[in-house]
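Student: Structure in structure tokens, see below.
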Amino acid sequence: MKDGAFLGKRVIVTGGSRGIGAEIVRCFTDEGATVAFLYRNSVEAADQLAKATGAIPFQCDLGDPYDAERAIQEAEGAIGGIDILVNNAGIAHSCLLQDMNQKVWDDLIAVNLTSVFVCCRLLIPDMIRQGSGRIVNISSIWGMVGASCETGYSAVKAGVIGLTKALAKELGPSGITVNCVAPGVIDTDMMKEYDEETKRSLADETPLGRLGTPRDIAQAVLFLSGEGGSFITGQVISPNGGFVI
Ligand code: NDP
């Protein structure tokens, strides 16, 4: 029998197969939570994570609102309800705005922003019924300050912050908190287009002298989801090593 700060809590994490999402799944299950996670392509990684943690994987394309709806309903059914939703799945794309084609723009919005709307819309009614719930949305420092050559990504991540603040006001009276974690530069597959030299210079530009780890972000998510986050809503917490101050 597992013990821990999240024993008995039912958690859904989107984009749980790799990177930051996988670490969030591990940290919650380590603390006794019952976890389901959504993912798209990384079948082997998802199966391994499920075996290692006991979390239940659901494959879907979060860029397709109907598929997302199906998967969220299956995931909630499998864990018997919802206490904590972590909207983590995301994709990035780097190019000049004038070189971005319509499909890339549409995909950025669908996966990073529309999926947050769909997951919240489906799970909020049960949170309201029980008079409690925690929603943590993963944004980015680029949603706070903007990044050259990442206009689409910056726009959707700023959208996640706007949605978070508005929803926090809407759901506060129902006992539900809604917050954002806006990571700095975190060493995951999302960074694989950066060479080692670029990563080193990003670390040098960071006052704390290193890139972030998935665990740095997972710990912020667990804080907001736990007792320490009880009186925090509509906020953006940015674990970024001082990269953005
Ligand atoms: P990764 O690329 O390592 O992982 C992305 C995750 O999202 C995977 O589990 C992937 O599943 C899932 N995913 C992507 N598209 C879909 C989709 N259409 N349907 C379902 N699942 C999908 O990213 P990170 O872990 O680095 O990023 C996690 C979050 O943190 C993202 O929202 C990202 O924007 C944000 N972030 C990351 C930063 C970084 O430096 N790494 C900085 C700031 C924010 P699968 O592999 O199974 O397809």
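For (1) over 20 Å from the mean Cα position of the chain (by Cα); (2) open to solvent by 50 Å² or more (accessible area, probe 1.4 Å), each residue gets a yes or a no:
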{"position": "Glu197", "(1), (2)": "yes, yes"}
{"position": "Ser201", "(1), (2)": "yes, yes"}
{"position": "Ile217", "(1), (2)": "no, no"}
{"position": "Gly242", "(1), (2)": "yes, no"}
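Student: Look at the range 160-202 and say how many of its residues are of a type in the set (Gly, Ala, Ser) and either within 12 Å of the ligand (Cβ to nearest atom) or touching a Cys at 6+ places or on another chain (Cβ under 7 Å) (or both).
Tutor: Of the residues in that region, 2 qualify.
Student: Out of the residues in the range 78-98 that are out of contact with any helix residue (DSSP H, G or I) (no Cβ under 7 Å at 6 or more places or on another chain) and under 28 Å from Ser230 (Cβ atoms), state the one that is surrounded by the fewest Cβ atoms within 10 Å (Cβ to Cβ).
Tutor: Applying the filter and picking the extreme gives Gly80.
Student: Give the residue, chosen from Ala52, Ala5, that is over 25 Å from Asp126 (Cα atoms) and either of a type outside the set (Asp, Glu) or assigned to a loop (DSSP other than H, G, I, E, B) (or both).
Tutor: Of the residues listed, the single one that is over 25 Å from Asp126 (Cα atoms) and either of a type outside the set (Asp, Glu) or assigned to a loop (DSSP other than H, G, I, E, B) (or both) is Ala52.
Student: Ok, one more. Please indicate, with yes or no, whether at least one residue in the range 198-212 is under 13 Å from Ser140 (Cα atoms) and assigned to a helix (DSSP H, G or I).
Tutor: no
Student: With respect to Gly212, determine if the residue is among the small types (Gly, Ala, Ser), crowded, with 19+ Cβ neighbours inside 10 Å and within 30 Å of Leu7 (Cβ to Cβ).
Tutor: yes
Student: Something else now. Of everything in the range 40-61, what is closer than 25 Å to Val104 by Cβ and open to solvent by 20 Å² or more (accessible area, probe 1.4 Å)? Give them in sequence order.
Tutor: Arg40, Asn41, Ser42, Val43, Ala45, Gln59, Asp61
The values are calculated or read from the model by the stated rules, or taken from the named source; none is laboratory data. From a predicted model like this one, the values you see are computed outputs, not experimental measurements. Here Cβ is always computed from backbone atoms with ideal geometry, including for glycine, and neighbour counts include all displayed protein chains. We work out accessible area using only protein heavy atoms, side chains counted, and drop any ligands, DNA or RNA first. Shrake-Rupley method; radii C 1.70, N 1.55, O 1.52, S 1.80 Å.
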